[in-house]
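Before any comments, here is the structure.
Read-outs: derived from the displayed coordinates by stated rules, not from any lab. In this text the structure is predicted, and so the values were computed from the model without any measurement. Glycine also receives a Cβ, built like all others from the backbone with ideal geometry; neighbour counts cover every protein chain displayed.
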């Protein structure tokens with residue numbers, strides 16, 4: 001029997017993983033205890049997503065456990081053992097603002113939880129492929145020191161700085177920068193995942209995501225940029241733009257495109273490899289540009305204001321360079337561009 005285990009199974013990347021891999025594996029085991037509701041409140045609850053998976057994915061089995069509890073994690077892995085061929089670890093505390101309020105919670109979920117899953121994999125299914133969803137926040141605020149120029153609606157890399165013309169690659173230092181506590185806890189998990197791959201010769205892939213998004217996102221003010229922005233555009237809820245003149249740039253990758261990266265890695269895995277994963281030059285926007293697109297799709301004028309105070313450790317310009325991944329897996333390419341993503345988010349929010 002071939003089994004895939006997905007943590008954070010009811011979240012954006014987790015639910016996309018369940019749907020994607022349910023067609024490729026005999027059984028998909030989901031682990032998710034809806035901590036997103038604890039982090040961000042009732043509006044961010046993923047209970048609706050969990051119920052949808054249970055009702056619509058016939059070969060899905062859900063476990064409502066906390067990844068910080070090793071004994072409970074171990075029971076799941078012991079139950080299925082070497083039949084587990086793939087572990088996709090997406091469960092996390094995902095907000096750098098929230099992390100400062102409860103540092104112990106943030107670190108225990110992101111770092112200790114990841115260690116628990118790596119060790120359970122090593123103990124019960126060491127030949128499985130382990131995929132960890134890291135974050136571009138592991139680079140801290142180092143990207144802010146790149147030579148940037150201010151354009152009409154966005155910041156952009158200076159034309160004479162050709163090294164970063166395709167975006168930021170995996171060679172950027174993760175040291176000596178301000179990460180936010182969230183970024184630091186993800187660095188710990190990121191490096192530990194790499195180490196299990198390199199030290200124990202396990203098939204581990206670390207994917208440092210840009211803005212991961214899609215119609216299954218339960219976006220909130222503190223996390224889920226495009227989803228929450230579209231929600232505000234639909235409902236007229238006030239939105240605050242934080243700093244950088246509203247010209248800060250993010251690349252955005254549809255959850256399906258990211259899962260497809262996982263699929264390519266699974267078929268030809270490497271040990272402790274790291275990849276930047278985002279929309280790259282194919283799919284990116286500034287805050288100002290995103291607001292304009294949301295207004296065009298909804299037909300509504302957005303209710304927003306500007307605050308001079310940027311979020312601590314936030315990036316001014318971040319576009320992922322996927323050259324390394326596309327070199328290793330040349331058959332992979334993006335399927336959904338920015339307009340596709342926002343239209344799907346709009347339709348999904350209206351349906352819910």
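Overview of values
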{"item": "Computed label-point distance, nm, for sites residue 26 and residue 281 using a 7 Å Cα→Cβ extension", "result": "4.6 nm"}
{"item": "Part-to-part distance (alpha-carbon centres) for segment 122-147 and segment 1-66, which is given in Å", "result": "21 Å"}
{"item": "Nearest-0.05 FRET efficiency for residue 175 and residue 74, computed from C-beta distance (R0 45 Å)", "result": "0.85"}
{"item": "Bridge type composition, segment 3-351 - antiparallel percent by DSSP, nearest 5", "result": "15 percent"}
{"item": "Label-point separation in nm, residue 58 to residue 156, each point 7 Å along Cα→Cβ", "result": "5.1 nm"}
{"item": "Helix 70-80 axis, angle to the chain major axis (alpha carbon atoms, nearest 10°)", "result": "60 degrees"}
{"item": "Rg over Rh [alpha-carbon atoms, Kirkwood Rh] for the chain", "result": "0.95"}
{"item": "Spatial extent of segment 1-150: Rg and Dmax, with the Cα atoms as the point set, Å", "result": "16.4, 55"}
{"item": "Order by protection proxy (mean Cβ within 10 Å, highest first), peptides 244-253, 97-106, 74-83, 122-131", "result": "244-253, 122-131, 97-106, 74-83"}
{"item": "Distance histogram for segment 83-180 (every C-alpha pair counted, 10 angstrom bins, percent rounded to whole numbers)", "result": "13, 31, 29, 20, 7, 1"}
{"item": "Length added when fully stretched, residue 347-residue 295, from 0.36 nm per residue minus Cα-Cα", "result": "17.3 nm"}
{"item": "Nearest-ten-degree value, helix 225-235 long axis tilted from longest Cα axis of the chain", "result": "60 degrees"}
{"item": "Distance (nanometres) between label positions extended 7 Å along Cα→Cβ at residue 267 and residue 201", "result": "2.6 nm"}
{"item": "Calculated [θ] (222 nm, deg cm²/dmol) that DSSP helices of n ≥ 4 give over the chain, each run adding -39,500 (n - 2.57)", "result": "-11500 deg cm²/dmol"}
{"item": "GNM result for the chain, Cα springs below 10 Å: residue of 113, 210, 299 fluctuating most strongly", "result": "299"}
{"item": "Fraction of the pair-distance distribution of segment 196-285 above 20 Å, Cα-Cα pairs, percent", "result": "48 percent"}
{"item": "Protection-proxy order for peptides 182-192, 331-341, each taking the mean of Cβ atoms within 10 Å per residue, highest first", "result": "182-192, 331-341"}
{"item": "Cα gyration tensor shape of segment 283-340, rounded if a/c is under 1.5, else prolate or oblate by comparing a/b with b/c", "result": "oblate"}
{"item": "Rounded to 10°, Cα long-axis angle of helix 255-267 versus longest principal axis of the chain", "result": "40 degrees"}
{"item": "Among 137-147, 232-242, the order from most to least packed when residues are scored by Cβ within 10 Å on average", "result": "137-147, 232-242"}
{"item": "Fraction of the pair-distance distribution of segment 4-65 above 17 Å, Cα-Cα pairs, percent", "result": "29 percent"}
